[in-house]
Amino acid sequence: MPLKTYKSNWAVSENDLSQVSQDDIDLYVLNITGKNGGNLQATYNDAGNLVEAKELLVNSRLPRKVSTYIVTNYKGYLIDSDKIKKTIRPDKTAQKIEVGIHKGSDKKRLFFDNDGNFINEKS
């Protein structure tokens, strides 16, 4: 990550490991928190290989397929918020998208899969 981006958009906290022997460490966890609500947690093994990462993006740019679905199927509704949750593993990446919409007092939450396909709606 470029230092300019890191300093302007993210905060990284470090644990003090000065009292821990390097031989006792099997996993390393990196937590990054975005100033606008997103976060990333990545777990690496002692060889430095990614085990799993979980990323949460809040109110970010939605995939075109999701935006098109909402405009086509929910005419007159406005988008209030969105969350994109990603789980990244060496062999697979999965993504779930949740979008909050409203039209007057009618509020709904829409859910989409990894490819931006509509899954379901909750009122």
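The values are calculated or read from the model by the stated rules, or taken from the named source; none is laboratory data. Because the structure is predicted, anything quoted here is derived from the model rather than measured. Note: ideal-geometry Cβ built from the backbone for every residue, glycine included; neighbour counts use all protein chains shown.
Worth pointing out:
- Residues within segment 73-82 that are farther than 19 Å from ASN39 by Cα, of a type in the set (S, T, N, Q) and part of a strand (DSSP E or B), tallied: 0
- The single residue among LYS103, LYS122, LYS86 that is over 21 Å from ASN39 (Cβ atoms) and out of contact with any Phe, Trp or Tyr (no Cβ under 7 Å at 6 or more places or on another chain) turns out to be LYS122.
- Candidates TYR77, TYR69, TYR44, filtered to the one that is aromatic (Phe, Trp, Tyr), modelled with pLDDT under 95 and over 17 Å from the mean Cα position of the chain (by Cα): TYR44
- Total residues in segment 83-123, condition in a strand (DSSP E or B), small (Gly, Ala, Ser) and at pLDDT 95 or above: 1
Each row is one residue, and each column tells you yes or no for (1) surrounded by 12 or more Cβ atoms within 10 Å (Cβ to Cβ); (2) outside the structural domain of LYS122 (by TED's automatic domain parsing); (3) closer than 20 Å to LYS122 by Cα.
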| residue | (1), (2), (3) |
| --- | --- |
| ALA47 | no, yes, no |
| SER67 | yes, no, yes |
| ILE88 | yes, no, no |
| LYS92 | no, no, no |
| GLY104 | no, no, yes |
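- Residue match in segment 81-89 (condition: β-branched (Val, Ile, Thr) and touching a Leu at 6+ places or on another chain (Cβ under 6 Å)): yes
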